[in-house]
Amino acid sequence: MSTAQPVPDILSPEFAANPYPAYRTMRETAPLIWHEATQSYIISRYEDVERVFKDKAGEFTTDNYDWQIEPVHGRTILQLSGREHAVRRALVAPAFRGSDLQDKFLPVVERNSRELVDAFRHTGSADLVADYATRFPVNVIADMLGLDKADHARFHRWYTSVIAFLGNLSGDPEVTAAGERTRVEFAEYMLPIIRERRDNLGDDLLSTLCAAEVDGVKMSDEDIKAFCSLLLAAGGETTDKAIASVFANLLTHPDQLAAVREDRGLIPRAFAETLRCTPPVHMIMRQSATEVKLSGGTVPAGATVTCLIGAANRDGSRYRNPDSFDIFRDDLTTTTAFSAAADHLAFALGRHFCVGALLAKAEVEIGVGQLLDAMPDMRLADGFEPVEQGVFTRGPQSLPVRFTPITAVTTVTG
């Protein structure tokens, strides 16, 4: 595990400002690093991260979530394995695919996007992050669950503190305390709603979760609360950053933006390439169940392994010109990009592949389409260059755009 040149620390300001050069150094000279501060082994090559996620040999577990996410969410599906995991996934997965997604939830996605766009379509300017991306996915999830969207500010505060807890690699005690407070506050909010919903089932997702049964197993109130907490955090923060990043990438590549504006069938390509090139989640942890040999050395049993998605997705051994954003590249398969057969790593892979991937795809397709319709000549504000922020999750914090408002055409007859 020796390095030919110093590798910037993942907790350093230089890394936070721009991790991509560090990723390249890691892949090329230090594909396996012991990181003292996080007490984890860091891996960065595509072949290694893919192997850990697919875990065909049963070498890795999600036991790390016992300390990484249970303190804020409670015990979730991410921590389960074997039959227990299969049953829980079977209880929640149908809502995120097929007819439920198509019939029940696409109208929810369309309505929430339109409400947000209508608030600024006539103004000539907007911040796509503040006015749209940070609001859209969390509003969709609240609406899907049948929760009051007037509580948006609370949901946003909660999921922001949860994501900060997950990414608290330096162990900041204030971030830890805020995350633990969120668990208590969210339980106090959700558990009465779950109990009430069990007695008055509707056609929302929360009712579906209350009624779902597989092999005689139903989800407990605590199971449902933990899943809703996970859904708000994972579906809010990541889709928020994905939408912002799609636009940041397109706005800085005007030829590709023009192509997508002309052919909306290219939106999934733009999303898939964004997930590869600038993924919303840059690292996911796993735990080794046995001693495992990876590029650059051996990981002992029981060790935490930090998988650098942001590095693996730019591995030159897997993708040509990996640092270039190119929606027309032929080494990324769009047709499988939102399934467990994806060849990028942004949704993980294997049995813990992101259950909400198709919902995220629907949100991006609908959202990008509606924004392009409302702002056909959308462009970045003069002199503005998008800047990514974040280490664990990453994306633009602001994206001010200008456009010519579309006004209704009035016909005057005499």
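The values are calculated or read from the model by the stated rules, or taken from the named source; none is laboratory data. These figures come from a predicted structure and were not determined experimentally. Cβ coordinates were reconstructed from backbone atoms using ideal geometry, including for glycine residues, and neighbour counts include every protein chain displayed. To get the accessible areas, we keep the full protein, side chains included, count just its heavy atoms, and leave off ligands, DNA and RNA. Shrake-Rupley method; radii C 1.70, N 1.55, O 1.52, S 1.80 Å.
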> How many of the residues in the range 213-237 are of a type in the set (S, T, N, Q) and open to solvent by 40 Å² or more (accessible area, probe 1.4 Å)?
Replying inline: 1
> Among (1) open to solvent by 10 Å² or more (accessible area, probe 1.4 Å); (2) within 23 Å of E36 (Cβ to Cβ); (3) at pLDDT 95 or above, which single condition is R329 missing?
Replying inline: (2)
> When you go through Q370, Q389 one by one, which is the residue that is in contact with a Ser or Thr (Cβ under 6 Å, 6 or more places away or on another chain) and polar (S, T, N, Q)?
Replying inline: Q370
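Yes or no, residue by residue, for (1) within 23 Å of the chain's Cα centre (by Cα); (2) open to solvent by less than 30 Å² (accessible area, probe 1.4 Å); (3) without any contact (Cβ under 8 Å) to a residue 24 or more places away in the chain; (4) within 25 Å of R27 (Cα to Cα):
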| site | (1), (2), (3), (4) |
| --- | --- |
| A303 | no, yes, no, yes |
| H344 | yes, yes, no, yes |
| V364 | yes, yes, no, no |
| D373 | no, no, yes, no |
> Before we move on, is E291 surrounded by fewer than 20 Cβ atoms within 10 Å (Cβ to Cβ) and either among the acidic types (D, E) or over 29 Å from T134 (Cβ atoms) (or both)?
Replying inline: yes
>> For the list (1) open to solvent by 20 Å² or more (accessible area, probe 1.4 Å); (2) in a helix (DSSP H, G or I); (3) at pLDDT below 95, I need the number of the one condition that S207 fails.
In response: (1)
> What is the residue count in the range 152-177 for residues that are surrounded by fewer than 15 Cβ atoms within 10 Å (Cβ to Cβ) and more than 15 Å from E237 (Cα to Cα)?
Replying inline: 6
> Can you tell me which residues in the range 190-204 are in contact (Cβ under 8 Å) with a residue 12 or more places away in the chain, within 27 Å of L106 (Cβ to Cβ) and in a helix (DSSP H, G or I)?
Replying inline: M190, I193, I194, R197, R198
> When you go through D221, D240 one by one, which is the residue that is in contact (Cβ under 8 Å) with a residue 40 or more places away in the chain and acidic (D, E)?
Replying inline: D240
> When you go through (1) touching a strand residue (DSSP E or B) at 6+ places or on another chain (Cβ under 8 Å); (2) open to solvent by 50 Å² or more (accessible area, probe 1.4 Å) one by one for K149, which number turns out not to apply?
Replying inline: (1)
> Does the range 102-114 hold any residues that are surrounded by 18 or more Cβ atoms within 10 Å (Cβ to Cβ) and either without any contact (Cβ under 8 Å) to a residue 40 or more places away in the chain or of a type in the set (G, A, S) (or both), and which are they?
Replying inline: V108, N112, S113
>> Could you check the range 38-56 and list, in sequence order, the residues that are open to solvent by 70 Å² or more (accessible area, probe 1.4 Å) and either at pLDDT 85 or above or in contact with a Pro (Cβ under 8 Å, 6 or more places away or on another chain) (or both)?
In response: Q39, E47, R51, K54
>> Step by step: first the residues of the range 115-134, then only those that are in contact (Cβ under 8 Å) with a residue 60 or more places away in the chain and within 21 Å of the chain's Cα centre (by Cα), then the one that is most open to solvent (accessible area, probe 1.4 Å). Which residue is that?
In response: A130
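Yes or no, residue by residue, for (1) assigned to a loop (DSSP other than H, G, I, E, B); (2) hydrophobic (A, V, I, L, M, F, W, C):
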position: Y319; (1), (2): yes, no
position: F338; (1), (2): yes, yes
position: F347; (1), (2): yes, yes
position: L359; (1), (2): no, yes
position: L371; (1), (2): no, yes
position: P376; (1), (2): yes, no
position: D382; (1), (2): yes, no
position: P386; (1), (2): yes, no
> Limited to the range 178-204, what total is found for residues that are among the small types (G, A, S) and open to solvent by 40 Å² or more (accessible area, probe 1.4 Å)?
Replying inline: 1
> over 25 Å from I224 (Cβ atoms) and open to solvent by 10 Å² or more (accessible area, probe 1.4 Å), is that true of D143?
Replying inline: no
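Listed here are the residues, each with its yes/no results for (1) out of contact with any strand residue (DSSP E or B) (no Cβ under 7 Å at 6 or more places or on another chain); (2) at pLDDT 95 or above; (3) open to solvent by 50 Å² or more (accessible area, probe 1.4 Å); (4) among the basic types (K, R).
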{"site": "M285", "(1), (2), (3), (4)": "no, no, no, no"}
{"site": "T306", "(1), (2), (3), (4)": "no, no, no, no"}
{"site": "A311", "(1), (2), (3), (4)": "yes, yes, no, no"}
{"site": "R318", "(1), (2), (3), (4)": "yes, yes, yes, yes"}
{"site": "T336", "(1), (2), (3), (4)": "yes, no, no, no"}
>> Quick check on my filter: what residues within the range 10-37 are assigned to a loop (DSSP other than H, G, I, E, B) and loosely packed, with under 15 Cβ neighbours inside 10 Å?
In response: L11, S12, N18, E36, A37
